[in-house]
Amino acid sequence: MKKTVILLLAFSILLLSACQAAPDDPVVPSKNDGRFEDALNTENDGGGGNTAETVDYVQTFTSTDGKITYNINVPGFAYPGEAMPVVQVTPSEITIEDAQRIASVLFGGATLYEYGEVLSKAEIEEQIALLQAALTDEALYADYGPSKEDIELGRQARQAQLDYYLQLYETASESGGRQECQWTFFPASHYDSWDSSGDESYNKTLRLRAVTDNINGTSYNYFISNRDETDFRTHTAEAWADNWPIIGTKEPTAEQLEAVSDKVREMIGQMDIGQWEIDKICSVTYGEGYMIGVSAVPVYEGWAVTHQNGLSGDDLKSGDIYASNYNYPKIGFYFTVDGTLISFQYDSPLCVVDVVNERTAILSLDELQERITRQLSLTDISAYVQIFKGDGSINVEVSEMVVGLTRVRIKDNAEDFYLVPSITLRGSYLDHSADEWYVPGSYDGNNREAYGDTVLVLNLVDGSVINVENGY
């Protein structure tokens, strides 16, 4: 029977006094003094009274500083109750075979060519002559003067370009022309128009870049990037239209959304990159036109990995030993309303190392409710300073709660991750000082409009916070 949960808790019950201490539990699983690892050995045998429930999760409470009102309103929230898996995974390189197979699916077997036009010796000679003329004192002064510092910076930039073309000339052919894709990974500097070959760290990223001919009126760029270093790791495959197809001014119908959804399932299956499921599909506005955005997430042991915001470059390079140096796995597409590909991104694939526990015990619904209330009530307005510049009050409206797997670092393991049972709360904000709503919407590689802002992510094994924004 459906159970209705209406939780309007009194201030005194929640102990929301101004001097309330922070919780004793560390909020990061990897720093949880081994308690998370101990919990991995606890299996749910179905006899602990932890059963699946569907509830109307409706709850209102305020933060300790009195400036945040949390309104949780999630009708029909389905909580599994039973055991969930914990899976050990590691970043997976995109191989040449993967790259070829994905390209075949995206471009229908069209021929791909090496990125950039291959210049002839005569064309390179022209570039060399232009740059030599641009390096004279008169030319530099005309373009960068009168500052001596600006002139010197301009000289260095132009000299680097000249050195690049002088090096290119040594191996150039008389005729030039396009070259079919070599299906080879090169150091990142290979595709640069300037000489960055001396940057050792930069060139530890290996890339493949290619372009297609015109396919039904549209040509595409294709880009693969692999890097496995201690500063950060990246494995991505991307494609995007050089000249966008006409996107149309009418919003897609339900039938068109379903047709694109079926197309994406078929394409991902043909790519042979593991099991994925469509997480979001929606109409996306672009100017006065419409596109269809599709996001997909991987599935392990029958459970989907919950979509999390992409990490920025600074997050990936964090000096914190617990911070992730690898982005979250996802696939994103954009299509025209009639199903023509606009862009594609396959980000941060994972390879299974081990299924650590197929039936890990998770929090009961009552325990989950207590953890959510406790954690959010102890958050003060400073947590939202990046969104709201004023010091007024806000409402946080939680409208979505997603149960799935979320990636965390493993204690004393710099290479692998755990996928752990988790719940992700999403929503929007009402800034009372400005009297306006703020719905940030996360970026999943292609689809900006499908998701609200992440309010909280909890580990369902031990109840600790997973700090996905900072990459823990």
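The values are calculated or read from the model by the stated rules, or taken from the named source; none is laboratory data. Keep in mind that this is a model prediction, so the values were computed, not measured. Glycine also receives a Cβ, built like all others from the backbone with ideal geometry; neighbour counts cover every protein chain displayed. Surface areas here come from the heavy atoms of the whole protein model, side chains and all, with no ligands, DNA or RNA. Shrake-Rupley method; radii C 1.70, N 1.55, O 1.52, S 1.80 Å.
Which FRET efficiency, nearest 0.05, do N71 and N203 yield, Cβ-Cβ r, R0 35 Å? Don't skip to the answer; put the middle values down first.
Values: r = 51 Å, r/R0 = 1.45.
Efficiency at R0 = 35 Å is approximately 0.10.
In this structure the amide hydrogen of N467, modeled in the peptide plane, comes within under 5 Å of the amide hydrogens of Y472, none closer than 5 places in sequence on its chain. Taking Cα centre as origin and charging only the Cβ of basic (Lys, Arg, +1) and acidic (Asp, Glu, -1) residues, the dipole magnitude of the stretch 128-212 rounds to 380 debye.
With both labels modelled 7 Å from their Cα along Cα-to-Cβ, the T171 to S261 distance reads 4.9 nm. For the stretch 214-303, a simple Cβ point-charge model (Lys and Arg +1, Asp and Glu -1, everything else neutral) yields a dipole of about 180 debye relative to the Cα centre.
Between A142 and A254, the C-beta separation translates, for a Förster distance of 56 Å, into a calculated FRET efficiency of about 0.40.
Each label was represented as a point 7 Å from its Cα along the Cα-to-Cβ direction; for T90 and W240 these points are 3.3 nm apart. Pairs spanning more than 28 Å between alpha-carbon atoms, out of K204/K263; K204/K411; K263/K330; K204/K330: K204/K263.
Residue by residue, the stretch 217-227 carries 3J(HN,Hα) couplings of x, 9, 10, 10, 9, 10, 9, 10, 9, 10, 8 Hz when phi is fed to the Karplus relation 6.51 cos²θ - 1.76 cosθ + 1.60 (θ = phi - 60°); x denotes Gly or Pro.
The listed residues Y290, Y57 rank as Y290, Y57 when sorted by accessible area, largest first, using a 1.4 Å probe. Using the Cβ-Cβ distance between D338 and A110 with R0 set to 30 Å, the FRET efficiency works out to roughly 0.95. Between the amide H of Y115 and those of R209, A210, V211, distances stay under 5 Å, these residues lying 5 or more places away or on another chain, with hydrogens modeled in the peptide plane.
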